[in-house]
1. Would you confirm whether or not segment 262-278 contains a residue that is touching a helix residue (DSSP H, G or I) at 6+ places or on another chain (Cβ under 7 Å), buried (at least 18 other Cβ atoms within 10 Å of the Cβ), at pLDDT 90 or above and of a type in the set (S, T, N, Q)?
2. For segment 251-274, give me each residue that is under 21 Å from the mean Cα position of the chain (by Cα) and over 19 Å from GLY191 (Cβ atoms).
3. Give all pairs with beta carbons closer than 6 Å in which a residue from segment 135-147 that is touching a residue at least 60 places away in the same chain (Cβ under 8 Å) and at negative phi meets a residue that is of a type in the set (Asp, Glu) and in a strand (DSSP E or B); count only pairs at least 6 apart in sequence or on separate chains.
4. List pairs: first in segment 317-339 and farther than 14 Å from ALA205 by Cβ and touching a residue at least 12 places away in the same chain (Cβ under 8 Å), second among the hydroxyl-bearing types (Ser, Thr, Tyr) and assigned to a helix (DSSP H, G or I), Cβ under 9 Å, 6+ apart or cross-chain?
5. Residues in segment 43-58: is at least one at pLDDT below 90 and open to solvent by 30 Å² or more (accessible area, probe 1.4 Å)?
6. Go over the candidates ILE261, ILE230 one by one and state the one that is of a type outside the set (Gly, Ala, Ser) and touching a Leu at 6+ places or on another chain (Cβ under 7 Å).
7. Looking at (1) open to solvent by less than 20 Å² (accessible area, probe 1.4 Å); (2) touching a residue at least 40 places away in the same chain (Cβ under 8 Å); (3) over 27 Å from the mean Cα position of the chain (by Cα), can you tell me which one LEU110 breaks?
8. Could you grab me the full set of residues in segment 328-373 that are of a type in the set (Val, Ile, Thr) and in contact with a Gly (Cβ under 8 Å, 6 or more places away or on another chain)?
Amino acid sequence: MAKACRSLSIMTFAVLAMLSWSESAFAHLTPNSEVTLHLSGDRVEAQIIVPAAEYAYASSHRAGNGETDLADARKYLARRITLTTADGATLPMRIDQLRFAQVAGPLDLLATAYFPLPAGKSAGPFSLRWSVVVDSVPDHFALISLADGGESRVIGAVRQTDQNITFTPDPSMFTSFVRAAWLGAIHVATGFDHLLFLMALLLAAPLAARDKRWSRVRGLRESLYHMGGIVTGFTVGHSVTLVAAGLGNWHLQTGPVEALIALSVVVTACHAIRPIFPGREAWVATGFGLVHGLAFATLVAEADTNIAHNLPTLVGFNIGIELLQLAVLACVVPPLLWLARRAQFAPMRVAGGAIVALCGCWWLYQRLPAVIA
């Protein structure tokens, strides 16, 4: 048991480090695909955005607007997108407006797919199978939205482990709630800065400080109480600003918020190495949680205005965040509490804090230009 816990602890730090320094380390800026579905009386139309770099890696084709390049891209999409009706009939597809262009940020593959509907099939439900990029890149996902008039709402996401999504033109409130929760879970799963912020605070939670040094290990009950305060503070902080910004329709600047989140990762990582605010971790978690909540609200506002301005779906989004966080904590806290009472914890804590601090510094370096601009 002891050996297993130690191995799990080491693996946890290693995985977090590798995830943070991988290509996905852009946190909220991680490139994912987007599909916006439009339903009309005689067809389904899909507006497609795929990051060009991910497409080139997955397909081994060149991302360019030459005739051969576009023909390769058309064939690649045609083999990996399928729309079927409720009775299992596969709809024919036509791909149009195919090109590589910059919409915002790096180069994207843009296309529109048209699916003509047979008579009497306009009401759905429909099933979309999407394996573009996700069949070759395990951590890539495609966010699927359904347009209705001038607004669109996120109806789910597809990834390597689940490449199918079923949708109807008018989902129920419960369906919208579940989809909002799923979006919240996906956001945390791909937003490593939120998780690393919390991990850095928990890293020193089993310890008590004296004379500006971590001097002793807290008892089990005291450690759990302290960790509970940190998690509760972070939850309350980001929940307040998420709901307030969503219902209040605040228009937020993404750059400064993302930079503050990166700074919060750096500060808490340094605290794990040497105490900066000992005994006040719960209050710090609450304060920085307010900032993280602004980032959550910005994501929701950009992805789905129906979620952003609707209290039940905002709650669903927040529940998705909490469930994913609790799942991660359930895996990390037990070995952390065991390891805190071992001699090797001190060097591991310092090493883990240093890695997280470097990740935060890298994110801060990436995001500062958006603040200055």
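The values are calculated or read from the model by the stated rules, or taken from the named source; none is laboratory data. All values reported here derive from a predicted model rather than from experimental measurement. We place every Cβ from the backbone using ideal geometry, glycine too, and count neighbours over all the protein chains shown. Accessible surface is based on the protein model in full, side chains and every heavy atom, while ligands, DNA and RNA are left aside. Shrake-Rupley method; radii C 1.70, N 1.55, O 1.52, S 1.80 Å.
1. yes
2. HIS251
3. Within 6 Å, the pairs are LEU143/GLU34.
4. Going by the 9 Å Cβ cut-off, the qualifying pairs are ASN318/THR235; ASN318/SER239; ILE321/THR235; ILE321/SER239; GLU322/THR235; GLU322/SER239; GLN325/THR235; CYS331/THR12.
5. Yes, segment 43-58 contains a residue that is at pLDDT below 90 and open to solvent by 30 Å² or more (accessible area, probe 1.4 Å).
6. None of the other options fit; the residue is ILE230.
7. For LEU110, the failing item is (3).
8. Hit for segment 328-373 is VAL371, nothing else.
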